[in-house]
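Worksheet for the structure shown next.
Please treat every number below as a calculation from the coordinates, not as lab data. What you see is a predicted model, and the numbers here were worked out from it, not measured in a lab. So basically every Cβ, Gly included, is an ideal-geometry build from the backbone, and we count neighbours across all protein chains shown.
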């Protein structure tokens, strides 16, 4: 329901503009430091080349230093055909890597299930995922738009892809501008079939507008926070990837987005996002955070040129 | 049917028991100038030192042995009328009381008889008259009933911009807001900044938060009973005002003098009109306004029959060009018929229709989204009051409500392809039968007791869902079965007996102890898990999966007046025990979700507190202080490690100071100060990231509401300047007018509404806490008001 959350913010923004002197400011708060937890970042794909599982520890909320590394863990991925892939941390940086023996070898195969196992500090954590199908990208287009409703004049892009027939397909549309992954909460662009949620009755359609246009991101001008920069300008390189994800993966990303964009009058209570990393030892009170996902990927890329 | 026969039998029996050899004096109490009936005016029989008060329709009835009596009719700020009555047959006596002229009038903080707080059996009641509300400093100078009531003990809000109000720790949806007996589902304009009641059209406001009598039910925490004026039936009158936000106009006039009259009152905000010249071309088609229209007519058919027709229509509208549209509002219509069966048996039957709906649409051309939702109800509510004798007033009646919930209908277009999401309508029938008696045992003991039987039928046409167990406790429960039900076919029924009991033990003429117990059942739930309740929250009925919420509340209070009722003091304590409170799973999806029941949890709740109240009624300097110490907690299996935790509306300390000072006849000042503990919120303890996305908050200990936002405090000031009453030639002016100057949040505090945790927009690797202050500075305002 991120569209709804967005609307709330929109209405409220409207009000603030005209009626009120509301304000947001940054304050200092003392928070308890929680017990560090294993944090797993494991997104494997069907793309050629090496695959990485990053293991870190959670750190206290206001700790802006890099996360502590998890070293000495055993990391393996097994697919539903019985193939075992070992991930090694050769350079002790917490990034456990599987490297193909030949350049043509690929880990991820469409339709297969994958199980991740992590042995760390006496506990074994497991997670499963499956590589689902991805739609074909019909086109990645852009156009120049005049300023409208607070959106600045500039180039706006749109990605056209038609959701695959049959309900329940979920996708993560990842956008890269000039090679940099757009990593803010509001940049997370996910689709359940062609829409925002299950039961949306949008199976088999083109992605709905907010998803097609979800690859346009707005940032404030670093020089002047009242100025919003247009999404793209001439010469910008734009790359869009569509990752197939599981339904659970969709909810994980939706929850992450909710937590990262929470605020305003109609904020929802802070809650922990889900994880599929499960400690296999029922007697252990240690829990992991993060996610393991296996995806098929399609890519489109373009450079913005003068019309 | 049996029940109805039983009631009539019962009626016959009490009639026989109480009525022998007694004669009745009855009639209506009215304002001499406007003909408006007076609610809660006193009728006192000197010889017997006993009396009664007029009901909400201005009717009174008192039965006595034959003899000679002196009746005193009084109402605060009105000149009392004394009548010698020689009682040898039943007498009809309509009395008109004249308002004490304003020049002599001091500010009167109460509209009740002077020691009503001591003598009445009703406790936990908040009353404010319109004159008092008009003198209080208000946000943007807009006189506001609900914001004023929040300065009384036991009532609060979670902050500016929060829709509705909270009573003794209860949620916004636990208040039954009645406008001329029709329920209003959203009592706020512009989220919570203004309430929907036009103060010029309101006659009486009463909030019950404990010891609730049997005639009220359906909500757990409070009853806000708002009565509109009937309209001047003697002469044309107009009143209105121009303020920073609204302009208001009220017209009232007789249709047939002394027989029939009407009142029409309207308000509209005009920020959008004023802002238009300053908006860019792309916003020229925008709308941003809210309005309400109240209309009422009454006809006094004969001395035994009177009918009223009232209507309310209010709406908030926000449109941005053609790409975004949203609006929401209430509409109610109620028809009432007062009928006197005889001098002692007063009846009223109310038939009402109430609708609340909202619409949200965005997009244009081939790509649009249009979403609508509504709740409608139709109701019949007969009520009879039997004035058996001065010692017993029996009220009985019933109510039937038919609900139609339309949780959501959305139409989306993507590249011209249309899709529809349509959630099934849900239907329910709620019924109640009740009987209650207010019995004066002797000079020092008054009892009020009653029983309400309520019934709820969740029915077709529609689907009944069954859910399996969630994978984790307090997780989403998956749908296991869907069964279709025919129209009127029961999916689930519930019934409850709701006993009510209260007593007033008068210790001496200036002090009393009161106790109240009430059980309440609430069958429809306001589903909302946002920080502030929103206009887009939906109501959902109790179903086969979601049981009704039950509340047992006990209140005990000590009431004391000093110095000839110059000071009023009370201390009340309460304990509330909830069963089957509705809660939400983590990351619940509450909008446009067909399987919403799988995202709801049922748990326990409890609330307790103590409320102190001291009021100075008279003198140039008057006002009140109220302080509440309270705790509200809830517990759900699988949440917060199964422990109790403070609920969203838990506010430990709540202090209000309200002061009025009359400097001269024309100039008066007022001030209020509010101090409230921060409400609970869940804060993170840790963070993690993945795929370059940083700063995901994590609460490793899985505690809910583990912190509090900082304390809220605010001072508001206002000055009221009355226009000159006397013309230069010495004649009195017919028109009255006054200016109100006010400053809200006078010392410019940034009160936190909420604290949010987010990444630094310029550096995703850094996290920060952001305080949201809805009102971030002081707000001065001025308004002009008139009456002629």
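In what sequence do B:359, B:519 fall when counting other Cβ within 10 Å, fewest first?
Result, fewest neighbours first: B:359, B:519.
What shape does the stretch B:538-629 take by its C-alpha gyration tensor, where a ≥ b ≥ c are the square roots of the eigenvalues and a/c under 1.5 counts as rounded, a/b above b/c as prolate, and the rest as oblate?
Here the stretch B:538-629 falls in the prolate category.
Please label the shape of the protein assembly as shown as rounded, prolate or oblate, based on the square roots a ≥ b ≥ c of the eigenvalues of the alpha-carbon gyration tensor (a/c under 1.5 means rounded; beyond that, a/b larger than b/c means prolate, else oblate).
Details: a/c = 2.21, a/b = 1.90, b/c = 1.16.
Prolate, because a/c is 1.5 or more and a/b exceeds b/c.
Round to the nearest 0.05 the FRET efficiency obtained for residue B:56 and residue A:33 when R0 = 45 Å and r is the Cβ-Cβ distance.
So the FRET efficiency works out to roughly 0.15.
Could you work out, residue by residue across A:203-212, how many beta carbons of other chains sit within 10 Å of that residue's beta carbon, and then give the average as an integer?
Counting other chains' Cβ atoms within 10 Å and averaging over A:203-212 gives 5.
Rank by packing, highest mean first: peptides B:583-596, B:480-493, with packing defined as the count of other Cβ atoms within 10 Å averaged across residues.
Numbers: B:583-596: 20.9, B:480-493: 12.8.
Ranked by mean Cβ neighbours within 10 Å, highest first: B:583-596, B:480-493.
Rounded to the nearest 500 deg cm²/dmol, what is the calculated helix-only ellipticity per residue at 222 nm for chain A, with -39500 (n - 2.57) per DSSP H run of length n ≥ 4?
Taken over chain A, the calculation gives -3500 deg cm²/dmol.
Round to the nearest 0.05 the FRET efficiency obtained for residue A:81 and residue B:480 when R0 = 30 Å and r is the Cβ-Cβ distance. Provide the component values of the computation, followed by the final result.
On the way: r = 33 Å, r/R0 = 1.11.
Approximately 0.35, to the nearest 0.05.
Full-extension gain between residue B:238 and residue B:79, please, as 0.36 nm times their residue separation minus the C-alpha to C-alpha distance.
54.8 nm is the gain from fully extending residue B:238 to residue B:79.
Measuring from centroid to centroid over Cα atoms, what is the spacing of the stretch B:386-454 and the stretch B:714-764 in Å?
Value for the Cα centre distance between the two parts: 37 Å.
Which distance in nm do the two modelled labels at residue B:268 and residue A:281 give, with both placed 7 Å along the Cα-to-Cβ direction?
Result for the modelled spin labels: 7.1 nm.
With an 8 Å Cα cut-off and a minimum separation of 6 or more residues, compute the relative contact order for chain B in percent.
10
What is the distance, in nm, between label points placed 7 Å from the Cα along the Cα-to-Cβ direction at residue A:65 and at residue A:121?
1.7
What does the average come to when, for each residue of peptide A:246-254, you count the partner chain Cβ atoms lying within 10 Å of its Cβ?
Rounded to a whole number, the mean comes out at 1.
For helix A:247-260, what angle does its Cα long axis make with the longest principal axis of chain A, in degrees from 0 to 90 and rounded to 10?
Between the helix axis and the principal axis of chain A, the angle is about 60 degrees.
Along Cα→Cβ, 7 Å out, is where each label goes; now give me the distance between the ones at residue A:101 and residue B:667 in nm to one decimal.
So the label points at residue A:101 and residue B:667 sit 9.7 nm apart.
For B:756-768, what's the mean count of beta carbons from other chains sitting within 10 Å of each residue's beta carbon?
Working: counts 7, 9, 9, 5, 2, 6, 4, 1, 6, 4, 2, 5, 7.
Per-residue shielding by partner chains comes out at 5.
Taking the beta-carbon count within 10 Å as an exposure proxy, list B:373, B:88 from fewest neighbours to most.
B:88, B:373
For the stretch B:113-188, just say rounded, prolate or oblate: build the C-alpha gyration tensor, square-root its eigenvalues into a ≥ b ≥ c, call rounded for a/c under 1.5, and beyond that prolate if a/b exceeds b/c, oblate if not.
Oblate.
Quick check: the distance between the Cα centres of the stretch B:506-527 and the stretch B:606-672, to the nearest angstrom?
Measuring centre to centre over Cα atoms gives 18 Å.
Efficiency by 1/(1 + (r/R0)^6): what FRET value for residue B:299 and residue B:342, r their Cβ-Cβ distance, R0 = 25 Å, to the nearest 0.05? Provide the component values of the computation, followed by the final result.
Working: r = 21 Å, r/R0 = 0.86.
It comes out at approximately 0.70.
What is the pair-distance distribution P(r) of chain B, computed from all Cα-Cα distances in 20 Å bins starting at 0, with each bin given as a whole percent?
15, 49, 31, 5, 0
Using Cβ contacts closer than 10 Å as the measure, can you line up A:271, B:732, B:440 from fewest to most?
Taking fewest neighbouring Cβ atoms as first place, the list is B:732, B:440, A:271.
Can you pull the Kirkwood radius for the stretch B:643-706, inverse mean 1/r over Cα pairs, to one decimal in Å?
On the way: mean 1/r = 0.0622 Å⁻¹.
Over the stretch B:643-706, the inverse of the mean reciprocal pair distance is 16.1 Å.
Can you tell me the 0 to 90 degree angle between the C-alpha axis of helix B:2-19 and the longest principal axis of chain B, rounded to 10?
Relative to chain B, helix B:2-19 is tipped by roughly 30 degrees.
Calculate the length of the line joining the C-alpha centroid of the stretch A:75-101 to that of the stretch B:677-695, in whole Å.
Between the Cα centre of the stretch A:75-101 and that of the stretch B:677-695, the gap is 31 Å.
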